[in-house]
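Here is the structure we will look at.
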Amino acid sequence: MPIFAEREKKARPGNAAVAENEKNSTPFEALPQVSDLTLAERHEGQRRMIHEGALWAVMNSAIVPGGAVLTAFALYMGADVFVIGLVTALPLLAAILQLWTPQFVNLMGGRKAVSVLTLGTARWSVIPLAIISMGAWFYPHLAALWLILFLVQLTVFSGLTAVGGTAWLSWATTVVPIEKRAVYFARRSTVVGVVGLIAALLTGFFLDWWTEPTATATGHRTNPGAYVVLFCIAALAGLLSTRQLKRTPDLNNQAAPADRPSFKESLIATWKMVALRKYLIFRSANLFAIGIVLPYYAVYMLQNLKLSFTELFFLQNVGALAGLVAFPLWGRLLDKYGCSPILYWTSWFKVAYVTLWAFVVPGNPFWPLLFLHMSLAIDSGLNLASGNLLMNLLPPGTRNVSYISVFTAITSLVTAIGPFLAGILIGWIASASVPVLGFGMGAIQLMFILSGILRAVSMLFYRGFSNKVRS
């Protein structure tokens, strides 16, 4: 496969060290060695992480930024397309807080402490979201106030989750050894996906069941009390998931790292790692292209194509189920061929995927949408490859927290720019209709086309990555 710089090697403990120009390149590597987890602790940790992920899936079915529930709730409170963009963009901007994750780890004495505190606090903050939804239900004339509070809560939740997620990812590299990651995370994702699928399907039924009459195209809308119930269930699931985090083992004698370097030093250190630098450039360009349409899939289906919540969640669950069926296959393919080829070809598939969305029009959109959602089986391979490749490019142990924080903060910031720009562009061309191949394209459809073009351009930055594990 000549397109790749090097065919990825299947990870084994004896892999060679990385190139000499990446040695001694960062201020994060001069940490004392720490003892590893025992085999029993690894097994316990892996089991707890699956339990935590399943509970997280229940919570996430109602409160994922850009998801159908939060999008519908924002629309109920009177949000326009720009505010819908903010629902996705603000959480991504808040992710820049993860740059301070190494400092928090130093201050609190370990990755587990940071993960439990920040993720636990974030999940507690879903309770205020339930209170906001009650306010929107009983005092709808204050919709502007509730919408502002909603955006603030969502931003705080996402910022804390970003910090905790960075520490958790570093923690996971200790709990799950490199040679088992592809298979383990495929299995964990399958469990999380099954639980999320069931939760999402029940959520769709519930939103369509509890309705009230209104002057809309369908003659009814979801009763705002339904959002209160869903957010309360999400809060309970989030609190239970925090208990699983507390019971997951981590290294007991983590040495306190040196004072956190400045952002400039952190960025330079990451930039000196050649493979990580190439991956950062590619992912930033690709995620920017993804970000410009990320908030508008649900909006397009609900408002333009006039789907019900049951239809929307059914389609999303078809996609989730297709991904679940494909997870074991993707895990084996990653073990056999490595992350780089899988990420390359699945990224090209997503260029075609988003472009085809532009040609789904009102009338009989269900079958084209069903095909597109079934094709989300490809996403399970893309997500497994992208996450595992990042972990493989990082140094082991606690010293990788700084790299993760820089990488994810930059990619989140770049991704957040997309919804901001898309909201402005959609506002400018809201009433436009441009003919493309005989189809009249509206504003959101044009964003799908633009996203496809930009994703194709991002592939120019793909150079192939070695799967050698840093030591």
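Please treat every number below as a calculation from the coordinates, not as lab data. Worth saying up front: this structure is predicted, and the values here are computed from it rather than measured. Cβ: placed from backbone, ideal geometry, glycine included. Neighbour counts: every protein chain shown.
When only DSSP loop residues count, what trypsin sites (Lys or Arg not before Pro) in segment 284-352 have their Cβ near at most 16 other Cβ atoms within 10 Å?
Working: sites: Lys306, Arg332, Lys336, Lys350; in loops: Lys306.
Counting only loop positions with at most 16 other Cβ atoms within 10 Å, the trypsin sites (Lys or Arg not before Pro) in segment 284-352 are Lys306.
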Once Rh for the chain is found with the Kirkwood sum over Cα pairs, what is the Stokes-Einstein diffusion coefficient at 37 °C and 0.692 mPa s, in µm²/s?
143 µm²/s
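Any chance you could run the full-extension gain for Met374 through Glu212? It's 0.36 nm times the residue separation minus the Cα-Cα distance, nm to one decimal.
Values: separation 162, 0.36 × 162 = 58.32 nm, distance 3.20 nm.
Computed gain between Met374 and Glu212 is 55.1 nm.
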With the radius of gyration and the Kirkwood radius both derived from the Cα set of segment 228-383, what is their ratio Rg to Rh?
1.05
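How long are the three semi-axes of the equivalent ellipsoid of segment 386-433, in whole Å, if each is the root of 5 times an eigenvalue of the C-alpha gyration tensor, listed from largest down? Don't skip to the answer; put the middle values down first.
Numbers: eigenvalues 272, 22, 4 Å².
For segment 386-433, the ellipsoid semi-axes come out as 37, 11, 4 Å.
Greater than 28 Å separation of Cα atoms is the criterion. Which listed pairs, Lys180/Lys278; Lys278/Lys350; Lys246/Lys278; Lys180/Lys246, meet it?
Numbers: Lys180/Lys278 25 Å; Lys278/Lys350 20 Å; Lys246/Lys278 36 Å; Lys180/Lys246 23 Å.
Those over the limit are Lys246/Lys278.
Below 8 Å between Cα atoms, with a sequence gap of 6+, how large is the relative contact order for the chain in percent? Each step should come with its number before you reach the end.
Working: 776 pairs, mean separation 146.3, N = 471.
Relative contact order, the chain: 31 percent.
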So which chymotrypsin sites (Phe, Trp or Tyr not before Pro) in segment 135-229 pass both tests, a DSSP loop state and at most 16 other Cβ atoms within 10 Å of the Cβ?
Trp210
Length gain on complete extension for the stretch Val152 to Trp428, per 0.36 nm per residue less the alpha carbon to alpha carbon distance?
96.8 nm
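Given a Förster distance of 41 Å, report the FRET efficiency between Asp80 and His43 from their Cβ-Cβ distance, rounded to the nearest 0.05. Could you put the intermediate results ahead of the total?
Details: r = 50 Å, r/R0 = 1.23.
It comes to 0.25.
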Compute the length gained on full extension between Arg221 and Trp124: take 0.36 nm times their separation in residues and subtract their Cα-Cα distance, giving the result in nm to one decimal.
32.1 nm
Label-point separation, Lys264 to Trp367 (7 Å along Cα→Cβ), nm
6.2 nm
Once amide hydrogens are built 1.01 Å from N within the peptide plane, the residues lying 5 or more places from Arg221 or on another chain with amide H under 5 Å from its amide H are Glu212, Thr214
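Could you grab the relative contact order for segment 99-160? Cα pairs under 8 Å, six or more apart, rounded to a whole percent. Mind showing how you got there, number by number?
Values: 28 pairs, mean separation 21.7, N = 62.
Here the relative contact order equals 35 percent.
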Segment 228-233 - phi-based ³J(HN,Hα) in whole Hz, Karplus 6.51/-1.76/1.60, Gly and Pro as x
4, 4, 5, 5, 5, 5
Please list the non-local residues whose amide H lies under 5 Å from the amide H of Met441, H modeled 1.01 Å from N, same-chain partners needing a gap of 5 or more.
Val434, Val436
Rotationally averaged projected area of segment 127-227 (alpha carbon convex hull; nm²):
8.9 nm²
Evaluate the distance, in nm, between pseudo-label points positioned 7 Å from the Cα of Lys336 and of Ile131 along their respective Cα→Cβ axes.
5.4 nm
